[in-house]
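Contents: one structure, followed by commentary.
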C-alpha cells in the first residue's frame with residue numbers, strides 16, 4: 001500500500017469516529033497528518049496496565065480487548081479511541097488493551113496531546129462529553145466517545161405513514177381508536193428501571209460473561225390463564241437455566257416468551273378450512289382460532305383482553321420469582337425427576353449427580369441459606385413487537401430518564417418478515433429504550449445487518465441489541481460467519497443468539513407442521529461452530545417450548561415419530577418442544593458451552 005493510500009485509509013477510519021467524524025474533510029486530513037502509524041500482532045499490548053500512557057490512539061483496523069486486572073470489560077474496533085485519560089492526567093494506565101488479531105492504529109504522542117486539543121476545541125469538548133457519560137454510567141460502552149443525540153423528532157407514532165406489514169384489517173376504525181385510547185391510560189406492565197436492569201444483564205452477555213435463554217410459547221392463548229399453565233412454562237425455563245448455569249459457570253439471563261406473545265405473523269391473509277375461505281388467524285390479540293367467519297373478523301377489543309391477560313401472568317411470574325419457586329432446591333428436584341423418568345436420563349445422570357453434590361455443599365456450608373437472593377430468580381418478559389398500534393399505545397415516557405419505554409414487555413423483537421430497514425417496525429423499535437431483538441433469516445446480508453446496527457444501536461451500548469439467527473441447519477454455516485465477522489470488525493457490541501426452530505419447520509402429509517429435534521440440535525451446533533470460527537461469543541438460545549406433555553416436534557429422548565403427532569398436538573401456530581425435549585436440548589447446549597469453556 002502506498003503512503004498516500006495509507007493516509008487516505010487513516011482519514012477514512014477517522015470519519016467513522018463519533019469524536020471527529022463529522023468535521024470537514026480538510027480538518028480530518030490535518031488531524032490525520034499529526035498521528036503516527038503503528039501495528040500490533042495478536043496478543044500484543046497497545047496499552048499496558050500500570051505503565052505511562054503513550055498518547056491518544058485511534059484504531060484503524062482490527063479489534064482489541066480492554067482488560068482490567070485480567071478481566072475483559074469490552075472490545076474496541078475501527079474508529080474507537082484509547083489512552084486519552086492517562087495521557088492527559090499523566091497517570092498510569094488503568095487497564096491493558098490487547099490486540100485480538102492483527103491491529104493497525106495511529107497515535108498522537110502524549111506530549112503533543114494538550115496542544116492538539118487546545119487547537120481543536122470542538123474535539124476537546126466532545127472528549128469531555130464522552131468522559132462525563134462514562135462517569136455517569138460506567139456499565140455502558142467503555143469507549144470514551146460522546147453519544148449521538150437522539151432524534152428529537154421520534155415519537156411512538158413515528159411509524160405512521162411508513163410501509164407496514166403483518167397488520168390486521170380492522171373493520172371499524174372508530175372502535176379501534178376507542179380501544180387504543182383506553183390502552184394509552186392503562187398502567188404500565190413493566191417499568192423503566194426494570195428495562196435498564198435487563199439491558200445491563202444483556203450487556204454481560206454481549207461481553208461473553210453471561211448467556212441468554214429466551215424461551216416460551218409460540219402463541220399464547222386466552223384459554224390458558226391458569227396458574228398451572230404459567231408454572232409449567234416457568235418450571236421448564238428454570239430447569240434449562242440451571243443445567244446451562246452448571247455447564248457454563250456463567251449467569252443465565254432468563255427471558256420468557258410470556259405475558260404478551262399473543263400476535264403471530266402469517267404468510268397469507270386468508271386460509272381455507274373445510275372448503276371455507278376465512279381471514280387467517282393472527283393470534284388471540286386479533287381474532288379467534290375458531291373456524292367461524294364471524295369470530296375470524298379482527299376485533300380491536302381483544303387488545304384490551306390481551307393487556308389484562310398479560311398483567312395477570314406478569315403478576316404471577318413476579319410472585320413465583322420472589323417466592324422461592326425458582327430456588328436451587330426446587331429446580332434441582334425437577335431435574336432429578338427428569339433424569340429418573342426420561343429415556344435419555346442415563347446420559348445425564350452424571351451431571352445430575354454433580355449438581356446434587358453442589359446443592360448439598362451449599363446446604364452443608366450454609367452459604368446463602370437465609371439469603372433472599374438464593375430463593376428468588378429474575379425472569380423477564382418478551383414478545384414480538386408485531387401489532388404496532390398496541391405497542392404504540394403501551395409506550396410511555398420514563399419519568400427518571402425522559403426516554404420512551406414500551407411498557408408492554410421488558411424486551412421486544414422484530415421478526416424476519418418485518419425487519420425492513422425502511423419499514424414501520426424498525427422505525428418503531430429504533431426509538432424505544434427497551435433492549436430489542438431482531439431475527440435474521442437466511443436472506444440476511446452483511447450490508448443489511450450493519451445498517452440495522454446503526455439504526456437500532458448507533459451509540460453502541462452493550463445490551464441494547466440482540467441478533468437472533470434463524471437460518472436453518474444447512475444454510476447457517478454459509479450465511480452467518482461473514483455477518484458475525486463484519487459486525488465484530490465494526491465494533492458493534494451485540495448479543496448473538498440462535499433460534500433453531502423456525503427455519504427447520506416441515507409439513508407432514510396430513511398437513512401437520514413439525515420440527516425434528518435433531519435438526520434443531522444441528523442448527524445449534526452450527527451456530528456454536530460459526531461463532532467459534534469468528535471469535536464471537538455464542539450468547540444465547542431462543543426456542544419455542546411448553547411445559548405441557550405435547551407431541552408436536554419429532555425425536556428427542558422419547559424418540560417421537562410422525563404417528564405420535566396426533567396424540568397431543570395442541571399448538572395454535574408452530575410446533576413446540578415439550579418439557580422433556582426442552583431439558584434434553586439444554587443438556588446438549590450445556591455440552592457445547594463446556595467445550596467452549598475448555599477451549600478458552
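Some notes on this structure:
- Test: residue in the stretch 512-519 that is part of a helix (DSSP H, G or I), under 30 Å from residue 102 (Cβ atoms) and more than 18 Å from the chain's Cα centre (by Cα): no
- The residue pairs whose first member lies in the stretch 204-218 and is in the same structural domain as residue 381 (by TED's automatic domain parsing) and at positive phi, whose second member is surrounded by 24 or more Cβ atoms within 10 Å (Cβ to Cβ) and at pLDDT 95 or above, and whose beta carbons are closer than 6 Å, counting only pairs six or more residues apart or on different chains, are 216/256; 216/257; 216/258.
- Just so you know, in the stretch 563-584 the residues that are within 20 Å of residue 502 (Cβ to Cβ) and in contact with a helix residue (DSSP H, G or I) (Cβ under 7 Å, 6 or more places away or on another chain) include one that is surrounded by the most Cβ atoms within 10 Å (Cβ to Cβ), and it is 581.
- Of the residues making up the stretch 532-570, those that are within 22 Å of residue 382 (Cβ to Cβ) and in contact with a strand residue (DSSP E or B) (Cβ under 8 Å, 6 or more places away or on another chain) are 537, 538, 539, 540, 541, 542, 543, 544, 545, 546, 552, 553.
- Against the conditions (1) modelled with pLDDT under 95; (2) surrounded by 15 or more Cβ atoms within 10 Å (Cβ to Cβ); (3) within 23 Å of the chain's Cα centre (by Cα), residue 148 satisfies every one except (2).
- Residue match in the stretch 520-530 (condition: assigned to a loop (DSSP other than H, G, I, E, B), in contact (Cβ under 8 Å) with a residue 24 or more places away in the chain and either farther than 22 Å from residue 247 by Cα or touching a helix residue (DSSP H, G or I) at 6+ places or on another chain (Cβ under 9 Å) (or both)): no
- Scanning the stretch 88-106 for residues that are surrounded by 15 or more Cβ atoms within 10 Å (Cβ to Cβ) and closer than 14 Å to residue 48 by Cβ yields a total of 6.
- Hey, residue 448 under 24 Å from residue 392 (Cα atoms) and either out of contact with any strand residue (DSSP E or B) (no Cβ under 6 Å at 6 or more places or on another chain) or outside the structural domain of residue 206 (by TED's automatic domain parsing) (or both) or not: no
- Test: residue in the stretch 433-452 that is part of a loop (DSSP other than H, G, I, E, B), modelled with pLDDT under 95 and more than 27 Å from residue 252 (Cβ to Cβ): no
- Scanning the stretch 42-50 for residues that are modelled with pLDDT under 85 and either loosely packed, with under 13 Cβ neighbours inside 10 Å or in contact with a helix residue (DSSP H, G or I) (Cβ under 6 Å, 6 or more places away or on another chain) (or both) turns up nothing.
- In the stretch 456-479, the residue that is nearest to the chain's Cα centre (by Cα) out of those that are outside any loop (DSSP other than H, G, I, E, B) and closer than 18 Å to residue 211 by Cβ is 466.
- Test result for residue 386, at pLDDT 95 or above, in the same structural domain as residue 317 (by TED's automatic domain parsing), buried (at least 22 other Cβ atoms within 10 Å of the Cβ) and more than 19 Å from residue 307 (Cα to Cα): no
- Qualifying residue in the stretch 296-303 (condition: more than 24 Å from the chain's Cα centre (by Cα) and assigned to a helix (DSSP H, G or I)): yes
- If you go through the stretch 462-489 and keep only what is touching a residue at least 40 places away in the same chain (Cβ under 8 Å) and surrounded by fewer than 19 Cβ atoms within 10 Å (Cβ to Cβ), you end up with 477, 481, 485, 486, 489.
- Condition met for residue 165 (modelled with pLDDT of 95 or more, surrounded by fewer than 15 Cβ atoms within 10 Å (Cβ to Cβ), touching a strand residue (DSSP E or B) at 6+ places or on another chain (Cβ under 8 Å) and assigned to a loop (DSSP other than H, G, I, E, B)): yes
- Only one of the listed residues (459, 499) is in contact (Cβ under 8 Å) with a residue 12 or more places away in the chain and in contact with a strand residue (DSSP E or B) (Cβ under 9 Å, 6 or more places away or on another chain). That residue is 499.
- Inspection of the stretch 4-18 identifies at least one residue that is surrounded by fewer than 13 Cβ atoms within 10 Å (Cβ to Cβ) and more than 37 Å from the chain's Cα centre (by Cα).
The values are calculated or read from the model by the stated rules, or taken from the named source; none is laboratory data. Because the structure is predicted, anything quoted here is derived from the model rather than measured. Every residue, glycine among them, receives a Cβ derived from its backbone with ideal geometry; neighbour counts consider all protein chains shown.
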